[in-house]
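**Student:** Pasting a structure below so you can have a look.
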Amino acid sequence: MNILYNILIEFIDKILLPTLSIFSKRIIRFLKVRENLFQEIDNDLDRKKKYIWMHAASLGEYELAIPLIKEIKKTFDNEIILTFFSESGFKLKDRIDEISKTYFLPIDSSRNAKKLVKIFKPRFAVFIKSEIWPNYINELKKENVKFYLVNYVYNKYNSRIFRVILKKYTKIFTQDENSEQELKKIGVDRALYTGNLKFNRAKIQKKEKYNNKALINYLGEDKCIVFGSTWERDEEIIFEYISEKINKNVKYIIAPHDVSEKNISRIKSKLNNKVNLLSDYIYNAQSNILIVNSIGVLKYLYKFSNISYVGGGFKKKGLHNILEPCVYGNPVIFGKYFKFSNEAKALIKLKGGFSVQNSKQLKNTVNELLFNANKLKEIKIINSKFIDDNLVSINSIIKSMQNE
């Protein structure tokens with residue numbers, strides 16, 4: 001597999017990406033940020049220090065890893081390097097103080113892997129969720145560097161294809177018990193079920209401060225529904241529901257997945273431009289719709305809501321993080337595709353989460369909950385307990401790393 005993989009990587013790196021960059025600004029950016037990257041990293045790092053390497057694919061994986069990064073920093077007296085493969089991680093202006101350096105990850109060619117591992121010389125490396133990069137793993141193995149995979153979920157196709165690589169990890173900490181069992185069935189014996197770090201991240205998120213007096217004044221005593229991480233299919237039923245003007249004393253916060261100017265303009269036009277933008281900080285009280293046009297704040301906005309809707313549930317594997325609103329005790333509504341989300345399935349079973357297929361069901365669900373104080377109180381208890389009952393013992397992960 002190594003030969004075929006390396007042929008494919010070289011083709012992508014040397015031929016496919018340069019060719020596609022002619023037609024794609026995104027690919028141009030992908031290539032440009034990696035120009036002279038090794039030299040920049042080499043010049044930037046302090047050779048007197050020892051580093052721990054954390055790798056996340058994108059912003060979502062980084063958010064997931066925050067509780068673990070904080071504990072690693074407390075336990076090990078080392079600086080932490082964070083790498084991203086996607087540019088989404090760099091759109092977040094403020095990262096946690098525990099991160100010393102942040103870089104893009106070069107494409108996983110054998111040549112790049114040798115260079116990067118040689119420059120980093122990490123004490124150990126941690127890859128988040130499904131980041132399986134064969135050449136980086138092989139190089140770390142050659143250099144006798146311990147490396148871990150955290151919050152991994154078994155996939156019957158990918159896990160089998162990369163079985164040989166998965167066997168090389170010092171330890172794989174799985175998100176669920178099934179993943180541990182299935183990995184061991186295919187000979188990956190160093191798998192250990194520890195749980196889903198999303199719950200820990202949500203718990204930390206609840207303690208973080210977000211100050212926006214203008215928003216608080218704007219919301220006033222009105223009820224609030226936050227529609228988070230929405231895609232066009234979500235927005236179709238949301239806009240239809242909002243247009244009915246069923247409840248006058250309700251404010252709607254819409255945070256699209258895509259916050260580009262083009263997409264924000266599209267949403268504004270759909271709503272006849274009668275909206276506020278979060279970035280304005282001076283809000284027109286006559287409009288009960290506020291559009292979030294920046295990333296990194298949605299998770300804090302959920303605390304202002306009485307009911308939360310999480311987008312992506314009209315794509316089969318697209319449902320976004322429902323724990324961000326759940327941690328505040330909100331009822332959580334989402335689309336019809338949720339079977340790939342263990343959290344969504346569990347929350348529905350507990351009657352703290354609700355799936356809808358169309359605008360009519362959205363309206364009925366909201367109306368059933370929004371002004372029912374007893375029901376909202378009951379769900380707050382259910383959803384808060386759901387978070388607490390599923391927290392990961394990060395100390396067990398740290399101790400396992402120390403004992404390897």
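**Student:** Lys345 is checked against (1) assigned to a helix (DSSP H, G or I); (2) among the basic types (Lys, Arg); (3) surrounded by fewer than 20 Cβ atoms within 10 Å (Cβ to Cβ); (4) modelled with pLDDT under 95 and fails just one. What number does that condition carry?
**Tutor:** For Lys345, the exception is condition (4).
**Student:** In the stretch 369-380, how many residues are under 17 Å from Tyr252 (Cα atoms) and open to solvent by 60 Å² or more (accessible area, probe 1.4 Å)? Show your work before the answer.
**Tutor:** Within the stretch 369-380, the subset under 17 Å from Tyr252 (Cα atoms) is 369-371.
Next, only the ones that are open to solvent by 60 Å² or more (accessible area, probe 1.4 Å) stay: 371.
Qualifying residue count for the region: 1.
**Student:** Of the conditions (1) assigned to a loop (DSSP other than H, G, I, E, B); (2) surrounded by fewer than 17 Cβ atoms within 10 Å (Cβ to Cβ), Val164 satisfies every one except a single condition; which number is it?
**Tutor:** The failed condition is (1).
**Student:** Considering only residues of the stretch 349-374 that are assigned to a helix (DSSP H, G or I), touching a residue at least 24 places away in the same chain (Cβ under 8 Å) and not hydroxyl-bearing (Ser, Thr, Tyr), which is nearest to Ala191 (Cα to Cα)?
**Tutor:** Going residue by residue through the stretch 349-374, those that are assigned to a helix (DSSP H, G or I) are 349-350, 359-369, 373-374.
In the following step, the residues that additionally are touching a residue at least 24 places away in the same chain (Cβ under 8 Å) were identified as 350, 359, 362-363, 365-367, 369.
Remaining after also requiring not hydroxyl-bearing (Ser, Thr, Tyr): 350, 362-363, 366-367, 369.
Numbers: Leu350: 29, Leu362: 41, Lys363: 44, Val366: 42, Asn367: 45, Leu369: 42 Å.
The extreme case among them is Leu350.
**Student:** Here's a check for you: in the stretch 85-100, which residue that is part of a loop (DSSP other than H, G, I, E, B) and closer than 25 Å to Leu31 by Cβ is most open to solvent (accessible area, probe 1.4 Å)? Break it down into steps so the answer makes sense when it comes.
**Tutor:** Let us first name the residues in the stretch 85-100 that are part of a loop (DSSP other than H, G, I, E, B), namely 85-87, 92-100.
Checking the rest, the ones that are also closer than 25 Å to Leu31 by Cβ come to 85-87, 92-93, 95, 99.
Numbers: Phe85: 55, Ser86: 31, Glu87: 51, Leu92: 20, Lys93: 185, Arg95: 68, Ile99: 22 Å².
Top of the filtered list is Lys93.
**Student:** Name every residue in the stretch 277-305 that is more than 23 Å from the chain's Cα centre (by Cα) and among the polar types (S, T, N, Q), in order of residue number.
**Tutor:** Result: Asn284, Gln286, Ser287, Asn288.
**Student:** Looking at the stretch 167-275, what strands (runs of 3 or more DSSP E) fall wholly within it and have at least 1 residues that are without any contact (Cβ under 8 Å) to a residue 60 or more places away in the chain, open to solvent by less than 50 Å² (accessible area, probe 1.4 Å) and among the β-branched types (Val, Ile, Thr)? Before the answer, list the steps.
**Tutor:** Numbers: elements: 171-174, 191-193, 223-230, 250-256.
Answer list for the stretch 167-275: 171-174, 250-256.
**Student:** Continuing with this model, one more query. Only one of Ile22, Ile12, Ile3, Ile27 is out of contact with any Cys (no Cβ under 6 Å at 6 or more places or on another chain), aliphatic (A, V, I, L, M), open to solvent by 20 Å² or more (accessible area, probe 1.4 Å) and part of a loop (DSSP other than H, G, I, E, B). Can you tell me which? Quick ask: steps written out before the conclusion?
**Tutor:** Working: Ile12 fails: part of a loop (DSSP other than H, G, I, E, B); Ile3 fails: part of a loop (DSSP other than H, G, I, E, B); Ile27 fails: part of a loop (DSSP other than H, G, I, E, B).
Residue meeting the stated conditions: Ile22.
**Student:** Here's a check for you: in the stretch 261-276, which residue that is within 25 Å of the chain's Cα centre (by Cα) and of a type in the set (Lys, Arg) is farthest from Lys245 (Cα to Cα)?
**Tutor:** In this case the residue turns out to be Lys262.
**Student:** Among what's in the stretch 198-255 and is charged (D, E, K, R) and in contact with a strand residue (DSSP E or B) (Cβ under 6 Å, 6 or more places away or on another chain), pick the residue that is nearest to Gly318 (Cα to Cα). Break it down into steps so the answer makes sense when it comes.
**Tutor:** Our first condition is that a residue be charged (D, E, K, R); within the stretch 198-255, this holds for 198, 201, 203, 206-209, 213, 221-223, 232-236, 240, 244-245, 248, 251.
Next, only the ones that are in contact with a strand residue (DSSP E or B) (Cβ under 6 Å, 6 or more places away or on another chain) stay: 222-223, 251.
Details: Asp222: 31, Lys223: 28, Lys251: 26 Å.
The residue in question is Lys251.
**Student:** Still on this structure, please answer the following. Take the residues of the stretch 276-297 that are outside any strand (DSSP E or B) and free of Cβ contacts under 8 Å to residues at least 24 places away in the same chain: which is least open to solvent (accessible area, probe 1.4 Å)?
**Tutor:** Filtering first and then ranking leaves Ser287.
**Student:** What pairs can you find where one residue is in the stretch 111-128 and under 11 Å from Val145 (Cα atoms) and in a strand (DSSP E or B), the other is open to solvent by 10 Å² or more (accessible area, probe 1.4 Å) and modelled with pLDDT of 95 or more, and their Cβ atoms are less than 8 Å apart, with a gap of 6+ or different chains?
**Tutor:** Going by the 8 Å Cβ cut-off, the qualifying pairs are Phe124/Val145; Phe124/Lys146; Phe124/Thr170; Ala125/Val145; Ala125/Lys146.
**Student:** Let me ask you something else. Would you point out which residue out of Ser269, Ser229, Ser243, Ser294 is under 24 Å from Gly89 (Cβ atoms), modelled with pLDDT under 95 and polar (S, T, N, Q)?
**Tutor:** Matching residue, one of Ser269, Ser229, Ser243, Ser294: Ser294.
**Student:** OK, next. Report whether or not Phe314 is at pLDDT 95 or above and open to solvent by 40 Å² or more (accessible area, probe 1.4 Å).
**Tutor:** Numbers: at pLDDT 95 or above: yes; open to solvent by 40 Å² or more (accessible area, probe 1.4 Å): no.
No.
The values are calculated or read from the model by the stated rules, or taken from the named source; none is laboratory data. Computed from a predicted model, the values in this text were never measured in an experiment. Note: ideal-geometry Cβ built from the backbone for every residue, glycine included; neighbour counts use all protein chains shown. Side chains are part of the model used for accessible areas, which takes the heavy atoms of the whole protein and leaves out ligands, DNA and RNA. Shrake-Rupley method; radii C 1.70, N 1.55, O 1.52, S 1.80 Å.
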